[in-house]
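Please treat every number below as a calculation from the coordinates, not as lab data. What you see is a predicted model, and the numbers here were worked out from it, not measured in a lab. Every residue, glycine among them, receives a Cβ derived from its backbone with ideal geometry; neighbour counts consider all protein chains shown.
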Amino acid sequence: MKKIRVLVACGAGIATSTIVVKKIEDLFYSKGISVEIIQIKISEAASRQTEADMLISTTMFPTEYQIPAIKGMSFLTGIGVEKLQDEIILTAEKILTNK
Amino acid sequence: MSYSKLVSFIEPSLVCFEKAFSNQLDFFEDIFEKAYSGDFVLNDFLEKIILREESFPTGIKTEKIAVAIPHTDAEYINKEFIALYILERPIVFKSMEDNNEDLSVEIIFVLGLKEAHSQLEMLQSLIQLIQNDKLMTNFKEVRSYSELVKLLEEKEKKNEKN
């Protein structure tokens, strides 16, 4: 089964990213998409983007990336969650079609 | 939603009500002083938490309220804790979503975590709490640690009845 690899980041790599990791796991599971998640500090994202297909962060992005980068704060604020989930799945499906 | 894990993390000696600070720096100095004298954090904690907040702000704005969850790297934490400040006057924190946006924050959770992956349940309940507008409004009125615990435990009981 084709797998999507996701970097989940936040500032310190321990608090908000932990919440988002779980949200992403649940989301992809509900859509039947196989996912591998790597939890990181946002400062590591640039050097680790070769290991993944997309990046989701609860921080602003300090730089541009070669993989799709999505802001995941909606998971924390509770505002715009559905829109975010749709965006994540759409992006993932597009990537999987091209794999 | 069980708030018991969250309650067990909130450190009574680091809970403050109705304090007023002129700005973020005054606030960080206050929590550092308390946390350091209680042996919760290392010496570098103050500098690091200020730096972190500047580069990756932790202001969260829900539909009705704005809170902040400042924290820094695990290596500056000695003993895990959550500190809770309910302020008399809001102070400014920048938004996590847009660091040009100022948020007026009245409730601050300082997270002293060493390994968050083992704290998923507690973090989930923290976010659930923050997103619960009604509960957060009640939170603002709390004036003691025991009132706080009661509020969260009552909420838990209500959930269990459902």
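I need the GluC sites (Glu not before Pro) found in the range B:1-63, filtered to DSSP loop residues with at most 15 other beta carbons within 10 Å of theirs.
In loop regions of the range B:1-63 (DSSP not H, G, I, E or B), the sparsely surrounded GluC sites (Glu not before Pro) are B:Glu63.
Rg and Dmax of the protein assembly as shown, Cα atoms, in Å?
Gyration radius and largest Cα-Cα distance of the protein assembly as shown: 18.4, 57 Å.
Indicate the gyration tensor shape class of the range B:2-120 (rounded, prolate or oblate), computed on the Cα atoms with a ≥ b ≥ c the square roots of the eigenvalues: a/c under 1.5 is rounded; otherwise a/b larger than b/c is prolate and the rest oblate.
rounded
Need the C-alpha centroid separation for the range A:22-61 versus the range B:51-121, integer Å.
22 Å
Over the range A:7-71, what relative contact order in percent results from Cα pairs under 8 Å that are six or more residues apart?
Result for the range A:7-71 is 40 percent.
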